[in-house]
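A short worksheet on the structure shown next.
The values are calculated or read from the model by the stated rules, or taken from the named source; none is laboratory data. What you see is a predicted model; the values in this text were computed from it and never measured. Reconstructed Cβ throughout: ideal geometry from the backbone, glycine too, with neighbour counts over all protein chains shown.
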Amino acid sequence: MRLHEYQAKQIFGRYLIPIPHGRVASSSGEAKQIAEELGGRVVVKAQVLVGGRGKAGGIRLAKTAREAEELAAVILRMDIKGLPVRKVLVDEAVTIQKEIYLGVTNDRSIRKPVMITSFAGGVNIEDVVHTSPEKIMRVVIDPLLGLRDFQARDLAAGIDLPRELWRSYIEIAHGLWRVFDDYDATLAEINPLVISGDQKLMALDGKMTVDDNAMFRHPEMTDYRDIDVEGPAEIEARKYGLSYVKLDGNIGCLVNGAGLAMTTMDVLLLFGGKPANFLDIGGGAGAEKVTAALRIILQDQAVKSVLINIFGGITRCDEVARGIILAKKEVKSTISMIIRLAGTNADEGKSLLLDANMAAADSFSEAARLAIASVEGEA
Ligand code: GDP
Ligand code: MN
């Protein structure tokens, strides 16, 4: 999960990394209010989960609160790389003398975290890696020992940081490492870390990605999830432990097992159909989970038919059938559902469906063809 700049900076601040004063706003009026509190000279920054906001016009300097209000109004109407801007961060403006890069991530090839720094900050660090790798310093962190003082000093020396800023830089490096470690992050990055006009280090941007597999250790962070990026269906799916990814076709797919779900999508494509989603209900799903899954699939307006493909193992086909029948009652959909049940308790499942006036297809390929045919029938 990627965090917004304002969220990452809030966390950085708790780890004693100096950040500018500021707050997030959802309206231009709020932005004006915050700018007034900060004395007028502010930066207004689009909060969207993509890089290069500056270049896209999503970061603007304002000299007065009035101007901040106008800029916020403009930015809040923007789309940056396809993402709508719903919030702006209003930060006190900082005079920049120099921009530095500082980040922690995992180096998969050595299976350890690395801290990376460069005096060519501000710009895209991936570009610097290619054009002038000599401008980048890195230290490998032992995950058990954490960042060592001498390593932080090596980094400071490596970028020729003025001596009087070393102490602050080393504290920031330790703070950033602890953020990375405490939050199970895969990336914690400050770009730019600036030397301000009054010779202080300050984090002007913040980027953080938290490993989704570790989210259960950070229940307090579920509020951080961005509905605009994830979509309400994905969030609903997560609540029930379903893996759901929306796609752009019109045949909803409800499958157990990621492998079978992928195969189902492939078979649909092969026969000339288009899957509307990937959905894996996982192993051993009960009726309630199946109902939730169908609800999620059917709330997608593009869905014209649903293909339910179950290979019973731990998952029992009769449980799935119960879920389908329940869901059909609940959502009162007229969309046709093509069902294929095989494996554990398939016969019980099929007879339950028959009792409810629904039929199961005989084979995977027949089910796929029927699903495609019923979409074409509706078109
Ligand atoms: P990004 O483009 O999405 O990475 O957004 P950043 O937060 O890194 O901002 C991009 C650039 O805007 C920075 O590298 C700075 O040059 C500039 N910027 C951001 N905040 C300030 C500020 O407070 N004062 C000044 N003068 N420039 C800023
Ligand atoms: Mn940046």
Evaluate the following for GLU330: is it in a helix (DSSP H, G or I) and modelled with pLDDT of 90 or more? no
Of the numbered conditions (1) out of contact with any His (no Cβ under 8 Å at 6 or more places or on another chain); (2) under 26 Å from THR222 (Cβ atoms), ILE100 fails exactly one; give the number of that condition. (2)
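Considering each residue of segment 148-168, count those that are surrounded by 18 or more Cβ atoms within 10 Å (Cβ to Cβ) and either in contact (Cβ under 8 Å) with a residue 40 or more places away in the chain or within 16 Å of ligand 1 (Cβ to nearest atom) (or both), and give that number.
The qualifying residues number 4.
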Restricting segment 116-141 to residues that are away from ligand 2 (no atom under 16 Å from the Cβ) and hydroxyl-bearing (Ser, Thr, Tyr), the one nearest to ALA157 (Cα to Cα) turns out to be SER132
Across segment 197-213, what is the total count of residues that are polar (S, T, N, Q), more than 16 Å from ligand 2 (Cβ to nearest atom) and out of contact with any Pro (no Cβ under 9 Å at 6 or more places or on another chain)? 1
For segment 184-303, give me every one of the helices (runs of 4 or more DSSP H) that falls completely inside it and has 3 or more residues that are within 16 Å of ligand 1 (Cβ to nearest atom), within 30 Å of THR344 (Cβ to Cβ) and modelled with pLDDT of 90 or more. none
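Residue under question is MET215, and the condition is that it be touching a residue at least 24 places away in the same chain (Cβ under 8 Å), out of contact with any strand residue (DSSP E or B) (no Cβ under 6 Å at 6 or more places or on another chain) and on the phi < 0 side of the Ramachandran plot; does it hold?
Yes.
This table checks each residue for (1) modelled with pLDDT of 95 or more; (2) within 15 Å of ligand 2 (Cβ to nearest atom); (3) within 25 Å of the chain's Cα centre (by Cα).
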| residue | (1), (2), (3) |
| --- | --- |
| LEU76 | yes, no, yes |
| GLY82 | no, no, yes |
| VAL88 | yes, no, yes |
| VAL94 | yes, yes, no |
Restricting segment 78-125 to residues that are under 18 Å from LEU204 (Cα atoms) and of a type in the set (Ser, Thr, Tyr), which is nearest to ligand 1 (Cβ to nearest atom)? THR95
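Here is a yes/no grid of residues against (1) under 19 Å from HIS4 (Cα atoms); (2) within 16 Å of ligand 2 (Cβ to nearest atom):
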{"residue": "ALA173", "(1), (2)": "no, no"}
{"residue": "VAL179", "(1), (2)": "yes, no"}
{"residue": "ASP182", "(1), (2)": "yes, no"}
{"residue": "ILE190", "(1), (2)": "yes, yes"}
{"residue": "MET215", "(1), (2)": "yes, no"}
